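A.B. asks: Let me give you the structure first, and then I'll get to my questions.
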Amino acid sequence: MMDSSNIVLRLGKPVDAQAIALLSRELIEPGLGWSWTPARVLGSIHQRDTITLVAAAQQQMIGFAIMYFGLEQAHLNLLAVRPSHQRRGVGRRLLDWLEKSARTAGIVAIFLELRTANIGAHCFYQRLGFSDSAFLPGYYGDREAAIRMVRKLRAGR
Ligand SMILES: CC(C)(COP(=O)(O)OP(=O)(O)OC[C@H]1O[C@@H](n2cnc3c(N)ncnc32)[C@H](O)[C@@H]1OP(=O)(O)O)[C@@H](O)C(=O)NCCC(=O)NCCS
């Protein structure tokens, strides 16, 4: 069994853009085309209102999350953990870190969308307190529907 104690979370750096984009293509976007290209991820890393968080073990990136922070709402754009490191609490650590930051920033709710067929991620998000808020037909380039999920952090308008 792998030891998870050596996994650290850190902010993403420009040098991470390629690995994040490749992992997104492999784990999140298969069959949809590649929208999170290295250039787009790099743009997110540089964006002031967006946090790119990386989970690393011995210098190797094993997971990441990208979340946009608005005034009252945050949006989780991407989250993935390498299959070799899944079900060891890494996804939960990434999301907990972002949720804590969102609470500190006064965010009212975190939103995200995921593919309807992604049962594993749906269970994961439910486990972490998210609930379904909408069904979005044709959300992914008119090809596939999405489920929108929300996690309320505090009362808001
Ligand atoms: C979804 C994902 C990020 C979860 O990361 P992870 O590190 O494996 O998740 P954790 O180990 O922190 O899981 C926390 C809890 O969520 C639930 N969970 C996680 N993955 C699950 C799955 N595939 N099926 C059912 N429940 C799951 C479990 O309750 C788990 O606790 P447990 O292992 O003690 O039972 C990971 O499976 C992944 O990268 N999937 C591919 C990319 C993806 O679908 N991203 C989300 C859409 S953007």
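The values are calculated or read from the model by the stated rules, or taken from the named source; none is laboratory data. Everything quoted here is computed from the prediction, not taken from an experiment. Heads up, the Cβs are rebuilt from the backbone with ideal geometry, glycines too, and the neighbour counts pull from every protein chain shown. SASA here: full protein model, heavy atoms, side chains in, ligands and nucleic acids out. Shrake-Rupley method; radii C 1.70, N 1.55, O 1.52, S 1.80 Å.
A.B. asks: Please pick out the residue among G91, G120 that is under 21 Å from F64 (Cβ atoms), touching a helix residue (DSSP H, G or I) at 6+ places or on another chain (Cβ under 7 Å) and not hydrophobic (A, V, I, L, M, F, W, C).
C.D. replies: G91
A.B. asks: So L94 passes all but one of these: (1) near the ligand (Cβ under 10 Å from one of its atoms); (2) at positive phi; (3) touching a residue at least 12 places away in the same chain (Cβ under 8 Å); (4) of a type outside the set (S, T, Y). Which condition number does it fail?
C.D. replies: L94 satisfies every listed condition except (2).
A.B. asks: Can I ask one more? Among the residues of region 120-137, count how many are within 7 Å of the ligand (Cβ to nearest atom) and in a helix (DSSP H, G or I).
C.D. replies: 5
A.B. asks: Mind listing whichever residues of region 91-137 are open to solvent by less than 50 Å² (accessible area, probe 1.4 Å) and over 22 Å from L27 (Cβ atoms)?
C.D. replies: S101, A102, G106, I107, V108, A109, G129, A134
A.B. asks: Moving to a separate point now. For L128, indicate whether it is under 25 Å from K13 (Cα atoms) and either modelled with pLDDT of 95 or more or out of contact with any strand residue (DSSP E or B) (no Cβ under 6 Å at 6 or more places or on another chain) (or both). Let's see the steps before the verdict.
C.D. replies: Numbers: under 25 Å from K13 (Cα atoms): no; either modelled with pLDDT of 95 or more or out of contact with any strand residue (DSSP E or B) (no Cβ under 6 Å at 6 or more places or on another chain) (or both): yes.
Judged against the criteria, L128 is not a match.
A.B. asks: With buried (at least 16 other Cβ atoms within 10 Å of the Cβ) and in contact (Cβ under 8 Å) with a residue 40 or more places away in the chain as the only criterion, which of A17, A21, A57 stands out? First the steps, then the outcome.
C.D. replies: Working: A17 fails: in contact (Cβ under 8 Å) with a residue 40 or more places away in the chain; A21 fails: in contact (Cβ under 8 Å) with a residue 40 or more places away in the chain.
The unique qualifying residue is A57.
A.B. asks: Would you be able to tell me the number of residues in region 32-46 that are open to solvent by 40 Å² or more (accessible area, probe 1.4 Å) and in contact with an Asp or Glu (Cβ under 8 Å, 6 or more places away or on another chain)?
C.D. replies: Summing the residues that are open to solvent by 40 Å² or more (accessible area, probe 1.4 Å) and in contact with an Asp or Glu (Cβ under 8 Å, 6 or more places away or on another chain) in region 32-46 gives 1.
A.B. asks: A further question on this structure: Could you please find all residues in region 138-157 being among the small types (G, A, S) and more than 16 Å from the ligand (Cβ to nearest atom)?
C.D. replies: G138, A155, G156
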